[in-house]
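Colleague: Sending over a structure as C-alpha cells; questions will come in a sec.
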Amino acid sequence: MTTSTSSPETATAMERLEAAAVDGRTENIRYRQQQLQTLHQTLTAEASAICSALSQDGRSLSAEAETEFYLGMEAVRHFYDALDFDRELENEYRVANGKDNPGRRVGVGMVVIRPTDHSRFYSIVTPLAAAISAGNCVVLELQESLSQVDSVLRSSLTKAMDINTFYSNTENMISDKSFLDAALLVDQTGSVSPPSTASPIQQQLVSSTTARVVAVVDRTADIEAAAQAITRARFIFGGTSPYAPDLVLVNEFVKARFFEACSRHATMAFASERESAATKKVVGDQSEATRRAVVEAETKSQVTSFGSSEFKLVDILDKNSPIMTMKITGRYLPIATCSGLVDAAFTPQGSETPLLAGYFFADPRAAKYLAQHVACAVSFINRIPIQLLVGPAAPITTATHTPDHLHHRYTRDMFSLPRPQFVEPPAAGSPSRAADDLLHLNGGASWSEAPNGKIVTTKNIRALAVRPLAPSGLPAKNRNTGIGFFDSGFFIGAGIGLSVVLPALGWGSYALARKGFEYAIRLKNH
C-alpha cells in the first residue's frame with residue numbers, strides 16, 4: 001500500500017503496522033500501558049539530551065526548554081493515568097453479563113503525526129501519547145537532518161518502542177492516498193486543507209495555522225497585569241506560539257498607560273535572559289513575513305513601531321492596514337485603539353469567525369459582554385495560561401472544547417471511534433418500550449397486549465404523543481413532578497397568603513386571650 005518512491009525500509013515498516021492494526025494488537029490495555037511506560041522511561045533517560053537539543057535548534061531558551069519538557073512529560077503521564085484496567089475490563093464484559101456498553105470506543109487503527117516546528121518536543125509527544133492511549137499504531141514524521149530534537153527522538157524511540165506498532169519516518173511526507181485514507185492524519189503544519197465538517201468520518205485532525213488571536217484591554221482592566229500577560233504571551237518562545245495575541249485592541253482612554261507598561265515589561269524580560277545566536281536566527285527566519293509587513297506599513301505611515309532589536313510594539317494608526325488582519329509571527333505586538341466595548345466586539349478584526357482564542361482584560365461585567373459577542377474557540381478572562389502557549393493550535397473539530405482539549409490539545413476520543421453495544425431491553429415507561437409494546441406480535445394492529453400485561457392501544461399512544469410540553473417558566477427539576485404551571489402558581493400564591501394570614505391570626509388570638517385573661521382577673525378581684 002506504500003508508494004513506489006518509499007524506501008524498502010519504509011515499505012516494510014508500513015506493512016508491519018498495517019498487519020498490527022488489522023490483528024488488533026493495540027486494543028489490549030496492558031499493551032497500551034506498557035508502551036506508555038516505555039515512552040515515559042525513554043524520555044526520562046534522554047531528558048538532558050532533549051532539552052539541550054531544543055536550545056541547539058534555536059527554538060527555546062533554557063527555561064523555555066525545561067518548561068516544554070515538563071509539560072510534555074505531564075501529557076504522557078495524563079494519558080497513562082487515564083487507562084483504568086479494572087474499569088476497561090468491566091466494560092469489555094458488560095455484554096457478556098447482560099448489560100449495555102454504550103460508551104465503548106475503539107482506536108482508529110493507524111495514526112500519522114506531522115508535527116509543527118513550534119515547541120517541537122511537546123508537539124510530537126502529546127499526540128503520540130494520546131494515540132497510544134486510545135489503542136493505535138503510529139507513524140511519526142520527523143526531519144532528522146534539520147532538527148536536533150528529531151534526531152534524539154528518532155534514535156531513542158526507534159530502539160525503545162514496538163517496531164510492529166511504531167515507526168518514525170524521516171523521508172518525505174507520506175503522500176500515498178490509499179494509506180492516508182485508512183489512517184487518521186494529525187497535521188499541525190497547515191500542509192493539508194482542513195476536513196469538511198460535513199464529512200461523515202473525521203479522517204484528519206488539522207491545526208489551523210492561520211486562525212488569529214485577539215486580546216482586548218478595556219478601560220476597567222488592571223493595566224499592569226494585562227500588559228505583563230500580553231507581552232509575555234507574545235514574546236515568549238520567540239513569538240512563534242499560535243496562541244500568542246496577533247492584535248491587541250486597547251480602549252483609547254488607557255492606551256498610553258498600556259503602551260508604557262508593555263514597553264517596561266518587555267524590556268525587563270529581555271534584560272533578564274539573553275538569547276543565543278541560534279535562537280535569534282530561527283526567530284528572525286520565522287518572522288520575516290511579519291517584519292516586511294511592518295516595514296511596508298511604516299513606509300505608508302499606517303503604523304509606527306517602538307522597541308529594540310529584541311521586540312517591537314507596533315502602534316496601528318490606520319485600521320485599514322494589513323497588520324490588523326495578519327497572523328503575526330515573531331516578537332511584534334500590534335496594538336490598535338478602540339472606543340469601547342461595542343467597537344472592540346463588532347469591528348471586522350474583532351468579529352472574525354472564529355478566532356482561535358480571545359483574551360479579555362476587563363471587570364467581570366465588561367468581560368462577560370466581550371466573551372459573549374466575540375466569536376472565539378475559547379475565551380480567557382484576565383489571564384493567558386502559559387500551557388496554552390506551548391504546543392500546536394488545537395485541531396479543528398466540531399467537538400466541544402474540554403479541559404483535555406485545551407491543556408493537551410488532544411483527547412483520547414479524538415483517536416478512537418464510537419462502537420456502542422446494547423443488550424438490555426427498553427426500560428418500562430420509555431418511548432421505545434411503548435412503541436415496542438404497541439407493535440408486539442401484531443405488526444401495527446390497532447391494539448396489542450404487551451409482555452408486561454398492560455394494554456397499549458393506538459388511542460393511548462396517540463395521547464402520549466401529543467402531551468403538551470412543560471411550561472417554559474417551570475424549573476427543569478420540577479417539570480416531571482406532575483404539578484402543572486398554574487397549579488404551581490396556585491400553591492405559591494397560597495403559601496404567600498398563608499405566610500401573611502397565619503401570623504396575623506396567631507397575634508389576634510394571643511391578644512384576645514390576654515384581654516380575656518385580664519378581664520377574668522379583674523372580675524375575681526371584685
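Colleague: Is it true that some residue in region 9-16 is touching a residue at least 60 places away in the same chain (Cβ under 8 Å), of a type in the set (G, A, S) and touching a Ser or Thr at 6+ places or on another chain (Cβ under 8 Å)?
Modeller: The answer is no; no qualifying residue exists.
Colleague: Related question: What about I335, is it part of a loop (DSSP other than H, G, I, E, B), in contact with a strand residue (DSSP E or B) (Cβ under 8 Å, 6 or more places away or on another chain), within 21 Å of A261 (Cα to Cα) and among the hydrophobic types (A, V, I, L, M, F, W, C)?
Modeller: Numbers: part of a loop (DSSP other than H, G, I, E, B): no; in contact with a strand residue (DSSP E or B) (Cβ under 8 Å, 6 or more places away or on another chain): yes; within 21 Å of A261 (Cα to Cα): yes; among the hydrophobic types (A, V, I, L, M, F, W, C): yes.
The answer is no for I335.
Colleague: For region 103-136: of the residues being under 16 Å from Y31 (Cα atoms) and out of contact with any helix residue (DSSP H, G or I) (no Cβ under 6 Å at 6 or more places or on another chain), which is surrounded by the most Cβ atoms within 10 Å (Cβ to Cβ)?
Modeller: Among those residues, the one meeting the criterion is L128.
Colleague: Restricting region 124-146 to residues that are modelled with pLDDT of 95 or more and of a type in the set (S, T, Y), which is nearest to E88 (Cα to Cα)?
Modeller: S133
Colleague: So, one more: Determine whether S207 is within 23 Å of the chain's Cα centre (by Cα) and either surrounded by 15 or more Cβ atoms within 10 Å (Cβ to Cβ) or among the small types (G, A, S) (or both).
Modeller: Numbers: within 23 Å of the chain's Cα centre (by Cα): yes; either surrounded by 15 or more Cβ atoms within 10 Å (Cβ to Cβ) or among the small types (G, A, S) (or both): yes.
Against the criterion (within 23 Å of the chain's Cα centre (by Cα) and either surrounded by 15 or more Cβ atoms within 10 Å (Cβ to Cβ) or among the small types (G, A, S) (or both)), S207 qualifies.
Colleague: Only one of these conditions is not met by A434: (1) of a type in the set (A, V, I, L, M); (2) within 24 Å of G98 (Cα to Cα); (3) modelled with pLDDT under 65. Which number is it?
Modeller: (3)
Okay, residues lined up against (1) under 17 Å from A215 (Cα atoms); (2) within 31 Å of the chain's Cα centre (by Cα):
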residue: S308; (1), (2): no, no
residue: L313; (1), (2): yes, yes
residue: I316; (1), (2): yes, no
residue: P334; (1), (2): yes, yes
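Colleague: What tally of residues in region 150-192 results from selecting those that are in contact (Cβ under 8 Å) with a residue 24 or more places away in the chain, under 15 Å from E9 (Cα atoms) and in a helix (DSSP H, G or I)?
Modeller: 0
Colleague: Would you mind finding the one in L39, L83, L43 that is outside any helix (DSSP H, G or I) and surrounded by 15 or more Cβ atoms within 10 Å (Cβ to Cβ)?
Modeller: Criteria check complete, one pass: L83.
Colleague: A further question follows. Can you work out which of the residues in region 294-325 that are part of a loop (DSSP other than H, G, I, E, B) and in contact with a helix residue (DSSP H, G or I) (Cβ under 6 Å, 6 or more places away or on another chain) is modelled with the lowest pLDDT?
Modeller: By that ranking, first place goes to E310.
Colleague: Residues to consider are A394, A375; find the one that is within 16 Å of the chain's Cα centre (by Cα) and under 30 Å from F69 (Cβ atoms). Talk me through it step by step, then tell me what you get.
Modeller: Numbers: A375 fails: under 30 Å from F69 (Cβ atoms).
Just one listed residue meets the conditions, A394.
Colleague: Here is a follow-up. Considering each of A225, A221, A289 in turn, give the residue that is over 21 Å from E68 (Cβ atoms), surrounded by fewer than 17 Cβ atoms within 10 Å (Cβ to Cβ), of a type in the set (A, V, I, L, M, F, W, C) and at pLDDT 95 or above.
Modeller: Working: A221 fails: surrounded by fewer than 17 Cβ atoms within 10 Å (Cβ to Cβ); A289 fails: at pLDDT 95 or above.
One residue alone meets the criteria, A225.
The values are calculated or read from the model by the stated rules, or taken from the named source; none is laboratory data. Fair warning: this is a prediction, and the values are worked out from it, not measured in the lab. As a convention, Cβ positions derive from the backbone with ideal geometry for all residues, glycine included, and neighbour counts pool all protein chains shown.
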